[in-house]
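Read through the structure below, which is laid out as structure tokens, and then see the notes.
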Amino acid sequence: MPRLLQMSEYVKVEKKWQKRWERDRIFEADPDPKRSKFFITVPYPYTNGALHIGHGRTYTVGDLIARYKRMRGYNVLFPMASHMTGTPIVGMVERIKAGDHDAIEQYKRDLRLYLDSEEAVDAQLKKFTDPWVTAKFFADAISADFKALGYSIDWRRKFTTGDRIYNQFVTWQYHKFMDKGYIRQGAYPILYCPHDGNPVGEDDLLKGEDAKIKEFTAIKFGFEDGFIVPATLRPETIFGVTNMWINPSSTYVWARVDGEKWMISQAAAEKLKLQAKKVEVLDTFPGARIIGKKFRAVHDQHEMPILPADFVDADNATGVVYSVPGHAPFDYIALQDLWDNPSSVARYGISADNIRAIKMIGMIAIEGYGEFPAKEIVEKRGIKSQAEAERLEEATQEIYKAEFYGGVMKDNCGQFSGRAIKDVKDQVVAWMKSKKLCDVFYEPDRRPVVCKCGTNVQVGVFAGQWFLDYLSPGWKDKARQALDTMSIVPDTFRHQFEATFDWLTQRPCARKRGIGTRLPFDPEWIIESLSDSTIYMAFYTIAHKITGNRLKPEQLTLSFFDYVFLGIGNLRDVSKETGVESALLKSMHDEFMYWYPNDQRHTAPSHISNHLSFAIFHHVAIFPKEHWLKCISLNEHVNMEGMKMSKSKGNVIPLVEIPKKYGADIYRTYVVSAAEPGTLMDWRERDVPTVKSKVSQFTEIVNKYATKVPRVYAKKDKPTMITRWLLSKANTIAKECTESLDSFKLRDYALLVMSEMPRVVTYYLNRREVPAEEKQATLAYVCDIWVRLAAPLAPHICEEVWSKMKREGYVSLAPWPEPDSKLMDSAIEDAQAVVESTIRDVREIMKLMKGEKPKKVHVYIAPAWMFDAMRSIREANLPIKVGDIMKHLMSVAEFKPYTKEVKVIVDRIAKENGLWGHSASAKDEQHALRSSASYIQSELGMEVVVHSAEKPAYDPQNKARFALPGRVSLFLE
RNA sequence: GCGAGGGUAGCCAAGCUCGGUCAAAGGCGACAGACUCAAGAUCUGUUCUCGCAGGAGUCCCCCGGUUCAAAUCCGGGCCCUCGCACCA
């Protein structure tokens, strides 16, 4: 099959150049004080499996920028490493060990991509019981993939985040945070499996994967010699309490909780044990036992009864509910039942009078509701019983929303009277907290949430959780300052950064499991993997010197990094302490100082709310201003035929298949030209052939003409008009490419190189009036520009052509084409546009002539003075007002004789809302049309006669008078 | 719920920051023509509606507003996507 042959041809060329690049180490960047540097990074991949086409988009964009900057003359550093810290690899290894079918299949799928036989796959999989083996395997696989895509990476600097030298670096980083006081320890709630004794992440859950943690306020109402403790999401309603609800058939306890006596459900007592409370159960009893007893209000100590209610779930929160019948539909309807049937509680010793004595309390005013919103909504919705849980829930939601956003505390709410609910909630909690009248109780926000081990997941609280405290004084301000002074491209993402910065508070930075660096001041904890990968761009600047010189981890002490990165300390002392030669130490410091800051960090927007924001915060915490990140650029993810890619859907194209399946250059071109970076890209298989044909069209033309001897035909050489047009066009395109790349409009750039340029060149090739020699020499010149413009996009093909052109060195290192402004001639381009629009007009007229086949087209060019008039208007730069322009023109003697025609032009300008393109003069326009006559003739299949409209030799239908500059008049016969 | 970003012709996708040159680039698909025995590939043209010669009409989610002029600015509505913390 010829197609396959062709593909293998691509692979051959790609491999050839990749080998040479590697052999000649052209992407290995060393400091060169004579050249400006450009340091670009893309976050290292997580080496837990094969990467796919979507990851490739991001790395391809990174490489494109690196290659472009290199050609612009920068000393470019584009390094790469691999990420293995954290829980996923460990988690997968555990699952493999446990014989988990899904995990094994998932790895087998990935392994088959890299290994030929099923035996090899099984053999490799057997070794995946060690996370290091897994990480190493995929790290190697991915770097091979990256090489096969032509990424211009300096591989000498690679490392993994599990390396001990890297641990030393992170240790230093966390000491710095500690010194600044940015690290804190405190309580932190987390989903927790009581059976495994471990926190659970999304991947560990069988049911309820997206469960979050809900924070209840547990309120301590005085009861006997302790507290009865209901938990609520609406603590501000304590002023409307009329009674307590207890499920008579559930089990309750008296327990000593952190030294206080609490009455709660038995289940709640168990949960509190997980929530870092000291819990000792003193007495266990059925709820029925305390029904009818009295408890005391929080705010004024008045007594209220404890009543029975079946809707109370002892397994939710504390299993105790306080009743606010004026505002809570559940409470209202439960109370209603008792009012209707007071005898049902007689057995608890509660009289009908006691029940009737309970009066609802209205404590929140909202527009659209009366005294008791709960009563109203229950009646409005016709809810009849406690059993209608779903409808009651809806009613609750409605009231809650209305009250939260629009409600105001009535004047029976003590010092909170008159305040808006949404503001007062936290204040009520703060007030109770100050009086030790409330606590926090956590629950998952949904049920069921089940661990993979089958156990019901609870909320656990880590008392000693380590945090990075982004609210530490001054930190956020500095980070905002950094954000304001750096560029975000596309800038639309800046808002997202700002929102993230606002929202960041404390972030847990360590965990008890996974691979990583131990927290230096509390080795039980391992630094969490997003928090250990924030300033490692600095590590790239010296990684090759550490590994190249075989420095031991122990040598990389705090003072080592202080000296190298911050210039702190004395060279001789540091050398003595670390045993690192002072010359080497100095060179590492120098190298860091040369490369830093990171000029551009490129990745996907999904990292804004974590990695990228942390990177900014951590940089400002540790480095001086001149070493903060300069720019963050982003590209969105890739969809597959309109669908999200996922391994479970099986619609993932792995990165490793790309070179074989498409060819690296074609993939690169596709992925850059299919969508602008800021938007989600849709991979559509059926569009690939188009890209392929564009690329091969480029290859073909360039192969044919690039090797000819280039020559630039100046005006005095009297080339054909279309040659001058092409010279102008090629330089204009070069200019536009540069502008597009500089403004991160990568799609525009790709389209210019692979769509616009071929269109222009093909058009030129089809113009038969150009002498062969002139054509070849001109195309040779254009191809020289074109190959260099295309090199960042399709580097392999371009190297191949470059070598055929017998040019020195690699196109990857060739200078970026400078547009030659002398050759750019907008008048020529406009004149050519007139030729094209003339052809379009003729076609349109022909369409309307129905059947008649004209043999000849007469073209009338507007008179010379009109071109002068247009120029005069252009130069006067008038607003588009008919009167003004009219006045302006009539004030010039040259135009005075043409009042009527001037009016026509001015009307047209008004109608078109401005001026349009045309040739520089009547002479030029005539020349353009005349010299294109043979072309027009071949396009339209009819003879072309060009006339001046001034005194046309032939004009039977008096058409000449309609001609305007850029708008020829036509007559077909 | 909170936060961010979107809705453009059959589909994908530019344009919107800086209102007019926008019936709106480019691609896919479709249709027609050239080439071919034929298909594919390639090239050329057409692809909102109407049209008496290059013209006119109606369009950029919906409704309203600002303006001489709005896909572009403002207000409201409907719908969609993404992130929301221990997960890389």
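Restricting attention to the stretch A:839-870, and to residues there that are more than 10 Å from RNA strand B (Cβ to nearest atom) and without any contact (Cβ under 8 Å) to a residue 12 or more places away in the chain, which single residue is most open to solvent (accessible area, probe 1.4 Å)?
Selected residue: A:Lys853.
Condition test on A:Ala827, is it within 16 Å of RNA strand B (Cβ to nearest atom), assigned to a helix (DSSP H, G or I), in contact (Cβ under 8 Å) with a residue 60 or more places away in the chain and buried (at least 24 other Cβ atoms within 10 Å of the Cβ)? Break it down into steps so the answer makes sense when it comes.
Working: within 16 Å of RNA strand B (Cβ to nearest atom): yes; assigned to a helix (DSSP H, G or I): yes; in contact (Cβ under 8 Å) with a residue 60 or more places away in the chain: yes; buried (at least 24 other Cβ atoms within 10 Å of the Cβ): no.
Taking the combined requirement at face value, the residue does not satisfy it.
Would you be able to tell me the number of residues in the stretch A:536-550 that are open to solvent by less than 20 Å² (accessible area, probe 1.4 Å) and out of contact with any Asp or Glu (no Cβ under 7 Å at 6 or more places or on another chain)? Walk me through how you get there before you give the answer.
We begin by selecting, within the stretch A:536-550, every residue open to solvent by less than 20 Å² (accessible area, probe 1.4 Å); these are A:536-543, A:546.
Now restrict to residues that are out of contact with any Asp or Glu (no Cβ under 7 Å at 6 or more places or on another chain): A:536-540, A:543, A:546.
Residues in the stretch A:536-550 being open to solvent by less than 20 Å² (accessible area, probe 1.4 Å) and out of contact with any Asp or Glu (no Cβ under 7 Å at 6 or more places or on another chain): 7 in total.
Restricting to the stretch A:501-530, name every residue that is part of a helix (DSSP H, G or I) and near RNA strand B (Cβ under 8 Å from one of its atoms). I'd like the intermediate steps shown before the answer.
Pass one, the stretch A:501-530, residues part of a helix (DSSP H, G or I): A:501-503.
If the condition is that a residue be part of a helix (DSSP H, G or I) and near RNA strand B (Cβ under 8 Å from one of its atoms), then A:Asp502, A:Trp503 are the ones that fit.
Looking only at the stretch A:596-613, count every residue that is of a type in the set (A, V, I, L, M, F, W, C) and crowded, with 24+ Cβ neighbours inside 10 Å and tell me the total.
Filtering the stretch A:596-613 for residues of a type in the set (A, V, I, L, M, F, W, C) gives A:604, A:608, A:612.
From what is left, the residues that are crowded, with 24+ Cβ neighbours inside 10 Å are A:612.
Residues flagged as of a type in the set (A, V, I, L, M, F, W, C) and crowded, with 24+ Cβ neighbours inside 10 Å within the stretch A:596-613 amount to 1.
Here are some conditions: (1) in contact with a helix residue (DSSP H, G or I) (Cβ under 8 Å, 6 or more places away or on another chain); (2) more than 20 Å from A:Asp522 (Cβ to Cβ); (3) modelled with pLDDT of 90 or more; (4) within 15 Å of RNA strand B (Cβ to nearest atom). A:Asp210 meets all but one. Which one does it not meet?
All conditions pass for A:Asp210, except number (3).
Filter the stretch A:737-755 for residues that are acidic (Asp, Glu) and open to solvent by 70 Å² or more (accessible area, probe 1.4 Å) and give the result.
At the first step, the residues of the stretch A:737-755 found to be acidic (Asp, Glu) are A:739, A:742, A:748.
Scanning the stretch A:737-755 gives A:Glu739, A:Asp742.
Scan the stretch A:3-12 and give yes if some residue there is part of a helix (DSSP H, G or I), among the hydroxyl-bearing types (Ser, Thr, Tyr) and either more than 14 Å from RNA strand B (Cβ to nearest atom) or not assigned by TED's automatic domain parsing to the domain that holds A:Ala750 (or both), otherwise no.
Within the stretch A:3-12, one or more residues are part of a helix (DSSP H, G or I), among the hydroxyl-bearing types (Ser, Thr, Tyr) and either more than 14 Å from RNA strand B (Cβ to nearest atom) or not assigned by TED's automatic domain parsing to the domain that holds A:Ala750 (or both).
In this structure, does A:Val281 turn out to be among the β-branched types (Val, Ile, Thr), modelled with pLDDT of 90 or more and buried (at least 18 other Cβ atoms within 10 Å of the Cβ)? Quick ask: steps written out before the conclusion?
Numbers: among the β-branched types (Val, Ile, Thr): yes; modelled with pLDDT of 90 or more: yes; buried (at least 18 other Cβ atoms within 10 Å of the Cβ): no.
Here the answer is no, as A:Val281 does not meet what is asked.
Taking the stretch A:323-345 as the search range and keeping residues that are among the hydroxyl-bearing types (Ser, Thr, Tyr) and out of contact with any Pro (no Cβ under 6 Å at 6 or more places or on another chain), which one is nearest to A:Gly362 (Cα to Cα)? Spell out the reasoning first.
Here is the first cut: in the stretch A:323-345, the ones among the hydroxyl-bearing types (Ser, Thr, Tyr) are A:323, A:332, A:343-344.
Now restrict to residues that are out of contact with any Pro (no Cβ under 6 Å at 6 or more places or on another chain): A:323, A:343-344.
On the way: A:Ser323: 12, A:Ser343: 26, A:Ser344: 26 Å.
Among those residues, the one meeting the criterion is A:Ser323.
Go through the stretch A:124-136 and count every residue that is part of a helix (DSSP H, G or I) and open to solvent by less than 40 Å² (accessible area, probe 1.4 Å).
Quick first cut of the stretch A:124-136, residues part of a helix (DSSP H, G or I) only: A:124-126, A:131-136.
Adding the requirement that they be open to solvent by less than 40 Å² (accessible area, probe 1.4 Å) leaves A:124-125, A:131, A:134-135.
Qualifying residue count for the region: 5.
If we scan the stretch A:485-494, do we find a residue that is open to solvent by less than 30 Å² (accessible area, probe 1.4 Å) and either near RNA strand B (Cβ under 8 Å from one of its atoms) or part of a helix (DSSP H, G or I) (or both)?
First pass over the stretch A:485-494, keeping only residues open to solvent by less than 30 Å² (accessible area, probe 1.4 Å): A:486, A:488, A:493.
Filter once more, so that each one left must be either near RNA strand B (Cβ under 8 Å from one of its atoms) or part of a helix (DSSP H, G or I) (or both): A:493.
Yes, because at least one residue in the stretch A:485-494 is open to solvent by less than 30 Å² (accessible area, probe 1.4 Å) and either near RNA strand B (Cβ under 8 Å from one of its atoms) or part of a helix (DSSP H, G or I) (or both).
Listed here are the residues, each with its yes/no results for (1) touching a residue at least 12 places away in the same chain (Cβ under 8 Å); (2) open to solvent by 10 Å² or more (accessible area, probe 1.4 Å); (3) in contact with a Phe, Trp or Tyr (Cβ under 7 Å, 6 or more places away or on another chain).
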| site | (1), (2), (3) |
| --- | --- |
| A:Thr699 | yes, yes, no |
| A:Val702 | yes, no, yes |
| A:Thr707 | yes, yes, no |
| A:Val712 | yes, yes, yes |
| A:Leu726 | yes, no, yes |
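How many residues are of a type in the set (Lys, Arg) and open to solvent by less than 90 Å² (accessible area, probe 1.4 Å) if we restrict to the stretch A:374-415?
Kept after step one, since they are of a type in the set (Lys, Arg), are these residues of the stretch A:374-415: A:375, A:380-381, A:384, A:391, A:401, A:410.
Within this subset, residues satisfying the condition of being open to solvent by less than 90 Å² (accessible area, probe 1.4 Å) are A:375, A:381, A:410.
So the answer is 3.
Give the residues of the stretch A:227-245 that are under 25 Å from A:Gly460 (Cα atoms) and either in a strand (DSSP E or B) or more than 16 Å from RNA strand B (Cβ to nearest atom) (or both), sorted by residue number. Spell out how you get there, then give the answer.
Filtering the stretch A:227-245 down to residues under 25 Å from A:Gly460 (Cα atoms) leaves A:227-235.
Selection gives A:Phe227, A:Ile228, A:Val229, A:Pro230, A:Ala231, A:Thr232, A:Pro235.
If A:Val200 meets every condition in (1) at pLDDT 85 or above; (2) open to solvent by less than 30 Å² (accessible area, probe 1.4 Å); (3) within 15 Å of RNA strand B (Cβ to nearest atom) apart from one, which number is that one?
Here A:Val200 meets the rest and fails (1).
Just need a number here: residues in the stretch A:871-888 that are within 13 Å of RNA strand B (Cβ to nearest atom), of a type in the set (D, E, K, R) and either modelled with pLDDT of 80 or more or farther than 26 Å from A:Gln832 by Cβ (or both).
The total comes to 2.
Within the set of pairs 6+ apart or on separate chains, which have a first residue in the stretch A:561-574 that is farther than 21 Å from A:Asn167 by Cα, a second that is open to solvent by less than 60 Å² (accessible area, probe 1.4 Å) and aliphatic (A, V, I, L, M), and C-beta atoms under 7 Å apart?
That search, which allows pairs on different chains as well, returns A:Leu571/A:Leu585.
Output yes when any residue across the stretch A:635-649 is in a loop (DSSP other than H, G, I, E, B), open to solvent by less than 10 Å² (accessible area, probe 1.4 Å) and closer than 30 Å to A:Phe592 by Cβ, and no when none is. Before you say what the answer is, go through the steps one by one.
In the first step, residues of the stretch A:635-649 are kept if they are in a loop (DSSP other than H, G, I, E, B); the result is A:635-637, A:641-642, A:645-649.
Narrowing further to those that are open to solvent by less than 10 Å² (accessible area, probe 1.4 Å): A:635.
Okay, now just the ones that are also closer than 30 Å to A:Phe592 by Cβ, so A:635.
Yes, the stretch A:635-649 contains at least one residue that is in a loop (DSSP other than H, G, I, E, B), open to solvent by less than 10 Å² (accessible area, probe 1.4 Å) and closer than 30 Å to A:Phe592 by Cβ.
Looking at the stretch A:250-270, is at least one residue over 49 Å from the mean Cα position of the chain (by Cα), closer than 30 Å to A:Gly362 by Cα and outside any strand (DSSP E or B)?
No, the stretch A:250-270 contains no residue that is over 49 Å from the mean Cα position of the chain (by Cα), closer than 30 Å to A:Gly362 by Cα and outside any strand (DSSP E or B).
If you go through the stretch A:393-423 one residue at a time, how many are at pLDDT 85 or above and assigned to a helix (DSSP H, G or I)?
3
Quick test for you: out of A:Leu113, A:Leu206, pick the one residue that is within 30 Å of A:Ile65 (Cα to Cα), in contact with a strand residue (DSSP E or B) (Cβ under 8 Å, 6 or more places away or on another chain) and surrounded by fewer than 17 Cβ atoms within 10 Å (Cβ to Cβ). Steps first, answer last, please.
Values: A:Leu206 fails: within 30 Å of A:Ile65 (Cα to Cα).
Going through A:Leu113, A:Leu206 in turn, just one is within 30 Å of A:Ile65 (Cα to Cα), in contact with a strand residue (DSSP E or B) (Cβ under 8 Å, 6 or more places away or on another chain) and surrounded by fewer than 17 Cβ atoms within 10 Å (Cβ to Cβ): A:Leu113.
Of (1) within 24 Å of A:Lys136 (Cα to Cα); (2) surrounded by fewer than 20 Cβ atoms within 10 Å (Cβ to Cβ); (3) in contact with a Lys or Arg (Cβ under 8 Å, 6 or more places away or on another chain), A:Ile526 satisfies all except one. Which?
So A:Ile526 meets the others, but not (2).
Have a look at A:Ser472, A:Ser533 and point out the one that is in a loop (DSSP other than H, G, I, E, B), within 9 Å of RNA strand B (Cβ to nearest atom) and open to solvent by less than 20 Å² (accessible area, probe 1.4 Å).
A:Ser533
The values are calculated or read from the model by the stated rules, or taken from the named source; none is laboratory data. Note that the coordinates shown come from a computational prediction; the quantities given were computed from them, not determined experimentally. Don't worry about glycine lacking a Cβ; one is built from the backbone with ideal geometry, like all the others, and counts go over all protein chains shown. Heavy atoms of the whole protein, side chains included, go into the accessibility calculation; ligands, DNA and RNA do not. Shrake-Rupley method; radii C 1.70, N 1.55, O 1.52, S 1.80 Å.
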